[in-house]
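J.: Got a structure for you, questions after.
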Amino acid sequence: MPEKTQAEIVIKKQSQMKEIMGRFAKNKMAILSLGVIVLLILMAIFAEQIAPYGPDDQDLSRQFTYPCKEFLFGTDDYGRDILSRLIYGSRYSLAVGLISVSFSCLAGVVLGCIAGFYGQLADNIIMRIVDVVLAIPNILLALSIAAALGPGLGNLIVAVGIGAIPGYARIVRASILSVKQMEYIEAARSIGASDFRLIVKHILPNCLAPIIVQATMSIAIAILSAASLSFLGLGITPPTPEWGSMLSAGRAYIRDFWPVVTFPGMMIMITVFAFNILGDGLRDALDPKLKV
């Protein structure tokens, strides 16, 4: 390929990226949501430095303390600082969201590539399995898997991740079907490019936009599903400071002491809302048909 042509391609890609970033920057809510997510990630990474107390520091003499200068979010039934537990709990909630989505995204992309690129029998088998899984509500499927595997962080990630695989498989399959007959794919095939190279180098890059949007929104769903399972006792169990398990532990005192359930619920709500708005912003920025 001539050097001039390579330079033109680089300039074109840079201009496209600049245009995408410009469209995203115009969405103030998406920028705000991105800032919230960055703060949550930093909070999870530097929990030891930020939290005023340890997540399991107990003192029964200060139990059920309402928010005050010493305990900004109050204390729970064991006298543990709620704010500190929320800060440490961000590690578990974000880890479940990010790892389960990474797992489901990888599996879904592989299945979607096989179904879309090879078609015929492989496509029929994979898509019929996907249809069966999609017929089961996500939370019901996650409940069934979590109940079979038992509580725990690893089992929770698997239970939440499996339900999200069909969505990625369908998106990747549809994208591949729309581009695999394009002229540049035929040109690459004619010069001896392998199937793996065709998929990785030429087809998947054209599917990245919908995958990124789906992954961003799936993180919010995964965090909410993980909190729901923990609340029901099928996820991360107390005394681990996960937001859903904190809600579950505090539900006995919901009428008498509001901080023990209000603040974990607010953290879940803010995190899910931020990821959803970020996903909307990325969709608008990555889709050239939606000019902000």
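The values are calculated or read from the model by the stated rules, or taken from the named source; none is laboratory data. This one's a predicted model, so the numbers in the text were calculated from it and none came from an experiment. No Cβ is skipped: glycine too gets one built from the backbone with ideal geometry, and neighbour counts run over all protein chains shown.
J.: Taking into account only those residues within segment 100-125 that are in contact with a Gly (Cβ under 8 Å, 6 or more places away or on another chain) and of a type outside the set (Gly, Ala, Ser), which is surrounded by the fewest Cβ atoms within 10 Å (Cβ to Cβ)?
T.: Filtering segment 100-125 for residues that are in contact with a Gly (Cβ under 8 Å, 6 or more places away or on another chain) and of a type outside the set (Gly, Ala, Ser), the one surrounded by the fewest Cβ atoms within 10 Å (Cβ to Cβ) comes out as Asp123.
J.: How many residues are among the acidic types (Asp, Glu) and under 17 Å from Ser230 (Cβ atoms) when one looks only at segment 65-89? Outline the logic, then answer.
T.: Keep residues of segment 65-89 that are among the acidic types (Asp, Glu), which gives 70, 76-77, 81.
Checking which are under 17 Å from Ser230 (Cβ atoms) leaves us with 76.
Qualifying residue count, segment 65-89: 1.
J.: Name the helices (runs of 4 or more DSSP H) wholly inside segment 79-193 in which the number of residues that are in contact (Cβ under 8 Å) with a residue 40 or more places away in the chain is 1 or more.
T.: Details: elements: 82-118, 120-134, 138-149, 153-179, 183-190.
Per the criteria, 82-118, 120-134, 138-149, 153-179.
J.: Quick check on Ser218: is it touching a Gly at 6+ places or on another chain (Cβ under 6 Å), assigned to a helix (DSSP H, G or I), touching a residue at least 24 places away in the same chain (Cβ under 8 Å) and not β-branched (Val, Ile, Thr)? Give the derivation first.
T.: On the way: touching a Gly at 6+ places or on another chain (Cβ under 6 Å): no; assigned to a helix (DSSP H, G or I): yes; touching a residue at least 24 places away in the same chain (Cβ under 8 Å): yes; not β-branched (Val, Ile, Thr): yes.
Judged against the criteria, Ser218 is not a match.
J.: Is it the case that some residue within segment 262-284 is of a type in the set (D, E, K, R) and under 30 Å from Asn124 (Cα atoms)?
T.: The first filter runs over segment 262-284 and keeps only residues of a type in the set (D, E, K, R), leaving 280, 283-284.
From the residues that got through so far, the ones that are under 30 Å from Asn124 (Cα atoms) too are 283.
Yes, that holds for at least one residue.
J.: Okay, next question. Filter segment 228-256 down to the residues that are under 17 Å from Leu86 (Cβ atoms), within 19 Å of the chain's Cα centre (by Cα) and aliphatic (A, V, I, L, M) and list them by number.
T.: Ile236
J.: For segment 34-64, what are the residues that are among the polar types (S, T, N, Q) and touching an Asp or Glu at 6+ places or on another chain (Cβ under 9 Å)?
T.: Here is the first cut: in segment 34-64, the residues among the polar types (S, T, N, Q) are 49, 58, 61, 63.
Result: Gln63, single match.
J.: Filter segment 33-73 down to the residues that are touching a residue at least 40 places away in the same chain (Cβ under 8 Å) and part of a helix (DSSP H, G or I) and list them by number. Reasoning before the result, please.
T.: We begin by selecting, within segment 33-73, every residue touching a residue at least 40 places away in the same chain (Cβ under 8 Å); these are 33-34, 36-37, 40-41, 43-44, 47, 55-56, 64, 66-67, 73.
Scanning segment 33-73 gives Ser33, Leu34, Val36, Ile37, Leu40, Ile41, Met43, Ala44, Ala47.
J.: If you check Ser194 against the conditions, is it surrounded by fewer than 20 Cβ atoms within 10 Å (Cβ to Cβ), modelled with pLDDT under 85 and within 21 Å of Val109 (Cα to Cα)?
T.: yes
J.: Among the residues of segment 229-236, is there at least one that is under 30 Å from Arg283 (Cα atoms) and touching a Gly at 6+ places or on another chain (Cβ under 7 Å)? Give the derivation first.
T.: Within segment 229-236, the first condition is being under 30 Å from Arg283 (Cα atoms), and the residues that meet it are 229.
Filter once more, so that each one left must be touching a Gly at 6+ places or on another chain (Cβ under 7 Å): 229.
Yes, that holds for at least one residue.
J.: Does Pro210 satisfy being of a type outside the set (A, V, I, L, M, F, W, C), part of a loop (DSSP other than H, G, I, E, B) and touching a helix residue (DSSP H, G or I) at 6+ places or on another chain (Cβ under 6 Å)?
T.: So Pro210 fails the test.
J.: Out of all the residues in segment 241-251, which are out of contact with any Gly (no Cβ under 8 Å at 6 or more places or on another chain) and in contact (Cβ under 8 Å) with a residue 60 or more places away in the chain?
T.: Taking segment 241-251 first, the residues out of contact with any Gly (no Cβ under 8 Å at 6 or more places or on another chain) are 249-251.
Scanning segment 241-251 gives Ala249, Gly250.
J.: Would you check if there is a residue in segment 161-172 being among the charged types (D, E, K, R) and more than 26 Å from the chain's Cα centre (by Cα)?
T.: Taking segment 161-172 as the starting set, the residues that turn out to be among the charged types (D, E, K, R) are 170.
Remaining after also requiring more than 26 Å from the chain's Cα centre (by Cα): none.
The answer is no; no qualifying residue exists.
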